[in-house]
1. How large is the charge dipole for the range 231-374, taken about the Cα centre, if only the Cβ atoms of Lys, Arg (+1) and Asp, Glu (-1) carry charge, to the nearest 20 debye?
2. Could you tell me how many degrees, from 0 to 90 and to the nearest 10, lie between the Cα long axis of helix 117-133 and the main elongation axis, the longest principal axis, of the Cα atoms of the chain?
3. Let me have the 222 nm mean residue ellipticity of the chain computed from DSSP H runs of 4+ only, each contributing -39500 (n - 2.57), with the sum over all residues rounded to the nearest 500.
4. In the chain, if the dipole is taken from +1 on Lys/Arg beta carbons and -1 on Asp/Glu beta carbons about the Cα centre, which of TYR358, LEU483, GLY523 is farthest to the positive end?
5. Around GLU632, with a cut-off of 12 angstrom between Cβ atoms, what is the net charge of the other residues, counting Lys and Arg +1 and Asp and Glu -1?
6. Place a +1 charge on the Cβ of each Lys and Arg in the chain and a -1 charge on the Cβ of each Asp and Glu, then give the dipole magnitude about the Cα centre in debye, rounded to the nearest 20.
7. In whole angstrom, note down how far apart the Cα centers of the range 477-494 and the range 129-194 are.
8. Work through the residues other than VAL457 whose Cβ is under 11 Å from its Cβ and net out their charges, Lys, Arg +1 and Asp, Glu -1.
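The values are calculated or read from the model by the stated rules, or taken from the named source; none is laboratory data. Given the structure is predicted, the values throughout are model-derived calculations rather than measurements. Glycine gets a Cβ as well: all are built from the backbone with ideal geometry, and neighbour counts include every protein chain shown. Keep in mind that these areas ignore ligands, DNA and RNA; they rest on the heavy atoms of the full protein, side chains included. Shrake-Rupley method; radii C 1.70, N 1.55, O 1.52, S 1.80 Å.
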Amino acid sequence: MPDGDGDGELEARLVEQETFEPPEEFVEQANVSDESIYEEFEADWPRSWTRAADLLDWETEYSQVLDESNGPFYEWFADGTLNASYNCVDRHVENGDKNRVAIKWEGEHGETRTYTYQDLYREVNEFAATLRDLGVEEDDVVTLYMPMVPELPIAMLACARIGAPHSVVFAGFSADALATRMNSADSRYLVTCDGYYRRGDPLDHLAKANEGLEGVDHGVDATVVVDRLGDDGFGHDLKGNQHDWDDLLDDHQGDRIDPVERDAEDMLFLMYTSGTTGEPKGVKHTTGGYLAYTTWTSHAVLDLKPEDTYWCSADIGWITGHSYIVYGPLSLGTTTVMYEGTPDYPERDRLWEIVEKYAVDVFYTAPTAIRAFMKWGSAYPKRHDLSSLRLLGTVGEPINPRAWKWYYKHIGDEACPIVDTWWQTETGGMMVTTLPGVGTMKPGSAGPPLPGIDAKVVDTAGEEVEAGRAGYLTVEKPWPGMLRTLYQNDERFVQEYWQEYSDPDADEWVYFPEDGAKIDDDGYITILGRVDDVLNVSGHRLGTMEIESAIVGVEGVAEAAVVGGEHEVKGEAVYAYVILEDGYEGTEEMREAIIEGVEDGIGPIARPEQVIFTPELPKTRSGKIMRRLLEEIANGEELGDTTTLRNPDIVTEIQGKVQR
Ligand code: ATP
Ligand code: MG
């Protein structure tokens with residue numbers, strides 16, 4: 001047994017507690033604290049969505065909230081016009097808040113940059129003028145292949161200002177991924193960066209960008225390169241149509257560009273999904289609906305106020321960063337924190353150091369990060385004063401109750417509500433979660449659908465399932481933040497999301513997110529994971545998430561991934577890959593405790609065939625476990641592509657541990 005200071009341990013009191021109420025103090029100050037909001041939305045749907053739209057400044061007011069005439073190609077606030085950059089920047093400057101901090105940036109080495117709304121206004125304008133000068137016109141797609149530097153949100157907002165949709169490609173992606181996305185979007189402009197720091201070392205990002213550019217089929221008109229590394233740079237010479245960001249900005253000092261009036265339904269950006277499954281899909285989001293939705297959910301769920309300092313530790317290269325580092329928080333005039341580096345550099349308390357330093361009020365992260373913190377132990381957060389925190393959030397995958405409670409106790413000091421927010425790239429913003437000032441929290445269960453969101457759990461025939469039974473998550477009514485189509489591929493859009501449960505002849509459209517879920521008597525939804533992550537063991541259908549949740553409930557287990565391996569008798573057998581907390585070892589007792597945990601939690605049918613202890617799991621750069629690989633390992637198959645992995649070395653190590 002560990003000595004207790006590295007503890008993932010929780011007192012029995014917390015282990016047993018199944019529901020949690022938001023603290024009084026929180027409720028009193030919450031943006032939304034009256035549960036009547038659910039009924040209000042239902043009673044006056046879709047007009048209730050004006051609440052979201054009212055949080056924005058419109059150039060032309062819309063006359064119709066929702067146009068349903070051409071489902072599933074819905075339109076929101078369609079005849080309204082507005083500009084996203086105006087809403088995220090100018091209006092705060094005009095309202096007398098120009099000296100409030102918009103962006104607090106922290107580099108990996110601890111250097112900081114602070115942008116007030118006035119600073120942001122100046123730089124966004126100057127870069128918008130730059131883009132125009134380089135030939136970018138309204139509706140041209142500008143690709144942003146950038147790490148977590150302030151120039152990234154500045155470039156996004158500059159694009160929005162001139163009506164040029166951006167397509168951000170996560171900096172950790174390969175040269176090929178960049179080329180594929182630029183080709184797919186027919187994008188002729190690139191903004192990138194010379195490099196950035198990872199665990200103290202400079203990375204040569206421009207070499208990768210240049211390699212990617214070689215794979216672009218059409219001409220590229222201009223590339224802008226941010227100088228992040230200075231003297232640590234790799235000495236690349238800029239080519240003919242490549243320009244230095246600072247030089248261009250110098251040339252445009254003092255320039256002001258009027259925000260372009262955009263139709264609500266005009267594209268704000270394109271975002272390719274991370275591609276844990278299949279071909280990347282170009283998800284199209286719009287100016288009016290998306291901005292209204294992210295602003296509304298930032299207000300209602302993240303409870304953001306202009307005077308808050310808020311930190312979402314995701315990368316802007318993912319939808320979470322788009323919606324909840326950039327658009328939502330800036331639209332509300334909040335201070336948003338950006339951090340360049342990793343959570344364990346120089347030490348495992350880096351995030352808590354930042355929370356203390358900036359007195360962060362609201363913190364939003366992913367369960368995979370929380371499980372890492374838990375593995376490292378509570379000594380790290382204990383080093384810092386985290387009492388500024390008011391609210392915590394998670395997104396990206398289900399959070400098991402033990403990790404939830406660890407987060408609640410060791411980060412939130414049992415004084416902060418936690419919002420477990422289910423949503424996707426495609427939904428634009430949060431869809432299923434408690435409202436922190438209203439609802440009871442149930443660790444492990446995301447919560448009820450947000451007001452106005454018509455999410456249900458159904459069986460294969462589309463009938464709602466009984467409480468407690470597993471089924472498929474669907475959304476029956478449209479919502480403002482929804483994707484409008486897949487870029488230049490309406491057919492695939494309908495096929496991917498609207499095929500399964502819709503009745504086109506009756507003009508009834510049901511969105512299918514491809515996640516499994518169950519619902520309880522109170523209407524709380526527990527997400528079970530992707531529908532393709534279901535095992536068939538001796539004719540029983542088992543969700544991998546449920547088994548994983550049982551395993552991580554065992555004391556000493558930090559993280560688990562379950563996949564199916566072929567089995568002569570059972571059809572499929574459960575293979576469990578397990579990471580232990582520091583201080584625990586992969587002994588026979590541990591193995592038995594895990595098997596027992598699964599048998600108790602789900603039943604003997606789910607008993608793992610093999611328990612494989614490993615120090616890490618193969619993860620994509622967005623932090624999602626690559627199950628396909630684990631399956632291939634379980635089946636002793638040749639391994640497919642491993643280039644998108646963050647930690648490719650772990651694969652051979654795991655292979656050596658599976659018994660054949
Ligand atoms: P791709 O669609 O390209 O395969 P992806 O689905 O991983 O990639 P995202 O849109 O970033 O890309 O992730 C959305 C998915 O993440 C959801 O469909 C769901 O499976 C999971 N997810 C997100 N938030 C939660 C949550 N709070 N609880 C459970 N699962 C979640
Ligand atoms: Mg997905």
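1. Value, rounded to 20: 820 debye.
2. 70 degrees
3. Value at 222 nm, helices only: -7000 deg cm²/dmol.
4. TYR358
5. Within the 12 Å Cβ shell, the charges total -3.
6. The dipole of the chain has a size of about 840 debye.
7. 22 Å
8. -3
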